Amino acid sequence: MSDTWDYYFLRVDDQPASIFLNLSAFERAPDAKLPHMAYLRLYMQAPREDGLSNQEEFDALMALEDHVTEALEGDGAAYVGRCTTNGCRDFFFYVAKPDDWAARVAKALDTYPEYEYDVGTREDEDWGLYFGYLYPSAMDMQTIQNRRVCEALENDGDALKTPRPIDHYAYFKTAAGADAFANAAAALGFEITGRGDPTDTHDEYGVHLTREDTPSYEHIDSITLPLFELALDNEGEYDGWECPVVEGKPN
């Protein structure tokens, strides 16, 4: 089974940040054979004013990452992700033996003398950094899913410019929670197009909403995240969205 890598944006120490990580590592973590977290902090040469990576340095950073991860990964090390923020790019690994980490990194970066860097290790048997720092929160995971649906629409020829009905789904532990969510969503302009009671195979109360919106990368989070929070506030779970593909140029 291949690993699944993805990214999301957030704030770290009140600074804009992006995290790119191996989501699949969640399924096999923590790995008792790799009880130490090891990092490489790279100081970018041309960060943007907000501290994130600049497009001008993109190719160089990607080549460096490919080279370093190939050199450092192996039986005794696993690369799990990176965080870019405040002019730095931190690469995170879990390793079996931390003693030679600095020497291994120095060797891997021999061909990149123009970059300054720091290294470090710490014991982390529970993989606390992966779960508590790199891994997305439920809301961050929703933003990842939003982007994936937009990408799927785009791959089917959708320009993501045309408003159309978008269907949203949520599930609740209680009828009261479902009612409160539906009422609040209606106040936001959503139409309640379906309700579902518990069945033998599904023990939750469902709510199906519809509203006309444009499923663009720029706006989809502002459409879905209020519903995500409303569901959470009412002991429920927002279960995503779907819409028809609109091919071609918008009218």
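Any residue that is part of a strand (DSSP E or B) and either over 30 Å from P215 (Cα atoms) or not charged (D, E, K, R) (or both) - is there at least one of those in the range 123-140? Checking the range 123-140: at least one residue is part of a strand (DSSP E or B) and either over 30 Å from P215 (Cα atoms) or not charged (D, E, K, R) (or both). Kindly check whether there is at least one residue in the range 208-229 that is farther than 29 Å from D156 by Cβ and touching a helix residue (DSSP H, G or I) at 6+ places or on another chain (Cβ under 9 Å). Yes, the range 208-229 has at least one match.
Beta carbons closer than 6 Å, at least 6 apart along the sequence or on distinct chains, pair a first residue in the range 120-149 that is on the phi < 0 side of the Ramachandran plot with a second that is in a strand (DSSP E or B) and hydrophobic (A, V, I, L, M, F, W, C) for T121/A38; R122/M37; D124/M37; L129/M37; Y130/V80; L134/I19; L134/L21. The set of residues in the range 108-161 that are in the same structural domain as T69 (by TED's automatic domain parsing), farther than 25 Å from A25 by Cα and in contact with a helix residue (DSSP H, G or I) (Cβ under 8 Å, 6 or more places away or on another chain) comprises L109, T111, Y112, Y115, Y117. Checked against (1) surrounded by 15 or more Cβ atoms within 10 Å (Cβ to Cβ); (2) closer than 25 Å to T4 by Cβ; (3) in contact (Cβ under 8 Å) with a residue 60 or more places away in the chain, W101 passes all but condition (2). Comparison of L72, L52 shows that the only residue that is surrounded by 12 or more Cβ atoms within 10 Å (Cβ to Cβ) and in contact with a Lys or Arg (Cβ under 7 Å, 6 or more places away or on another chain) is L72.
The values are calculated or read from the model by the stated rules, or taken from the named source; none is laboratory data. Remember, predicted model here, so these are calculated numbers, not experimental data. We place every Cβ from the backbone using ideal geometry, glycine too, and count neighbours over all the protein chains shown.
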